[in-house]
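Data first, discussion second: the structure below is written as structure tokens.
Readers should treat all values here as calculations from the given coordinates under stated rules, not as data from a laboratory. All values reported here derive from a predicted model rather than from experimental measurement. Positions of Cβ are backbone-derived with ideal geometry, glycine not excepted, and every protein chain shown enters the neighbour counts.
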Amino acid sequence: MFNQGSMVIGVAVDNESAKFLLDNKELDAIFIGKSIFETLRNTGNIAVEENNVAIKEKIGNLNIFIEDLVNSLGITPNLSGYKYIVEAVKFLLENLDKDVAFTKVLYPHIAKKYGSNSSRVERAIRHSVESRWMNIMKCNLSREIFGKDYAFSSSKPNPTNSEFIKYLVNYVKRKLEDE
């Protein structure tokens, strides 16, 4: 059990569970049909009266930031790869401590969430990146995200799915560290 004064250090969230790092102790919460904060409040494991708003805002703001980032690169919500890229970035940010295999772990996770299969997820992401790559290179953010390796280089082909997503994850991590 955690005390009322426990401080939330980190959080990882998916559709069915949350893992909180509180005072360097992990707390898993499973929530079905409830928000994370209702679940934690009802379990009595932690008092989240003040922290819940900050955590909820941070998670919400991160989701919006990732969606805006992908959209600003020209990968718009009308492409099926858009939601898969957003989900991939979120998943990798939640699993920074793990070496996630794209074909064995990431694509099946996304496919399950969206009722698809791994090959469709991979193909949709690849199509989104390939079809928008020239526009991405014209974007002001491209040098900041992709560095000089890809930015403004017509000699290099577009990155692989894993390279593209990892560049986005690293960019988001850098932005979070700057806050």
Quiz item: Given a Förster distance of 30 angstrom, what is the FRET efficiency for V105 paired with L176, based on the Cβ-Cβ distance and rounded to 0.05?
Solution: 0.85
Quiz item: In the structure displayed, which of K112/K138; K113/K175; K98/K138 lie more than 30 Å apart, Cα to Cα?
Solution: K112/K138; K98/K138
Quiz item: Quick one: V121, V89, fewest Cβ neighbours within 10 Å first, how do they rank?
Solution: V89, V121
Quiz prompt | Label-point gap, in nm, between S116 and K166 - each point 7 angstrom along Cα→Cβ | solution = 2.2
Quiz item: Counting other C-beta atoms within 10 Å, which of Y107, Y114 has the fewest, and how do the rest follow?
Solution: Y114, Y107
Practice problem: Work from the charge dipole of region 63-141 (Cβ charges, +1 for Lys and Arg, -1 for Asp and Glu, about the Cα centre) and give the residue of A111, C139, S72 farthest towards its positive end. | Solution: A111
Quiz item: Given labels modelled 7 Å from the Cα in the Cβ direction, how far is it in nm from E144 to I64?
Solution: 1.7
Quiz item: Rounded, prolate or oblate: which one fits region 79-120, using the alpha carbon gyration tensor with axes a ≥ b ≥ c (rounded when a/c is under 1.5, else prolate when a/b beats b/c, else oblate)?
Solution: oblate
Quiz item: Exposure proxy check: S80, S131 ranked by fewest other beta carbons within 10 Å?
Solution: S131, S80
